[in-house]
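A short worksheet on the structure shown next.
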Amino acid sequence: MSGPAPRIEELPDRADALAAFLRAAGSAPLLVAPDDGPGCSLFMALAALHWTGETGLVRPDDRLHAVWFAAETSAAVIERASGNERAFRFLGPKLETPQKVPVDGVEVVDEPFVRGYEFRERWSALAHFLVVTQGRGAVLALFAPRAPEVGHIQRWLLELFHGPLPEGADALHAAWFTVTGAGFLFPPAAFASDVSRGWTYLELGERHEA
């Protein structure tokens, strides 16, 4: 991994950890857990982004507004630009969750295991996402003017897995992503080999956006 050395900071509790994370993120696009749970599965995140990229369901220049993982299934809300138009697309499992048909969404994906609806408004797509997933184990694009691009997420997750991943880190509570850097907030590890690790913030690359 090239560039500046990773910055790692351990913090005593969630409130201090989130405050430090938001200060570091500044105006960068970010994702954060909507509750006090651990967040989303770190290892399933990269696998799901890789698979959806291969199938064309998600593109590198899409922006990720929400993502959720549970066992072997997942759901997401992406923002896709087409010319001057932008649409918000919910992608979710066809069988593993309660099937809710939104009144203000149009079905655009009907695959064997995936169903997708497109919305004109971001909050309509996020509302449907939360109804289907209940939000536990999810991260959402909150507290920032825009959501991170899928290509940047893929790149910095790969860097993270090749670098100093904190001990016992299997969930991601929050993360910010830009062209030049990324920051990750991990909840405490209950099963670290020596002693339990507290809240940990890890930063890669540079904070400013090129």
Original post:
Applying the selection to the stretch 131-147, what residues are over 26 Å from residue 178 (Cα atoms) and either modelled with pLDDT of 90 or more or in a helix (DSSP H, G or I) (or both)?
Top reply: 131, 132, 133
Original post:
What is the number of the single condition among (1) under 14 Å from residue 120 (Cβ atoms); (2) of a type in the set (A, V, I, L, M); (3) over 11 Å from the mean Cα position of the chain (by Cα) that residue 57 does not meet?
Top reply: (1)
Original post:
Limited to the stretch 5-16, what total is found for residues that are under 17 Å from residue 204 (Cβ atoms) and of a type outside the set (Val, Ile, Thr)?
Top reply: 5
Subject >> Meets criteria (modelled with pLDDT under 95, within 22 Å of residue 159 (Cα to Cα) and among the basic types (Lys, Arg)) for residue 7 >> reply: yes
Original post:
Has the stretch 131-149 got at least one residue that is in contact (Cβ under 8 Å) with a residue 12 or more places away in the chain, surrounded by fewer than 22 Cβ atoms within 10 Å (Cβ to Cβ), among the β-branched types (Val, Ile, Thr) and touching a strand residue (DSSP E or B) at 6+ places or on another chain (Cβ under 8 Å)?
Top reply: yes
Original post:
Taking strands (runs of 3 or more DSSP E) that fall entirely within the stretch 58-130, which contain at least 1 residues that are surrounded by 21 or more Cβ atoms within 10 Å (Cβ to Cβ)?
Top reply: 63-70, 73-82, 85-93, 114-119
Original post:
Does residue 134 satisfy the criteria of being touching a Leu at 6+ places or on another chain (Cβ under 6 Å) and not small (Gly, Ala, Ser)?
Top reply: no
Original post:
Any idea which of 72, 96 is touching a Ser or Thr at 6+ places or on another chain (Cβ under 9 Å) and at pLDDT below 85?
Top reply: 96
Original post:
Here are 155, 122: which of them is within 15 Å of the chain's Cα centre (by Cα), basic (Lys, Arg) and at pLDDT 90 or above?
Top reply: 155
Subject >> Filter result (of a type in the set (Val, Ile, Thr), under 30 Å from residue 187 (Cβ atoms) and out of contact with any helix residue (DSSP H, G or I) (no Cβ under 9 Å at 6 or more places or on another chain)) within the stretch 89-138 >> reply: 131, 132, 133
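The values are calculated or read from the model by the stated rules, or taken from the named source; none is laboratory data. All values reported here derive from a predicted model rather than from experimental measurement. All Cβ positions, glycine included, derive from the backbone under ideal geometry; neighbour counts span all protein chains shown.
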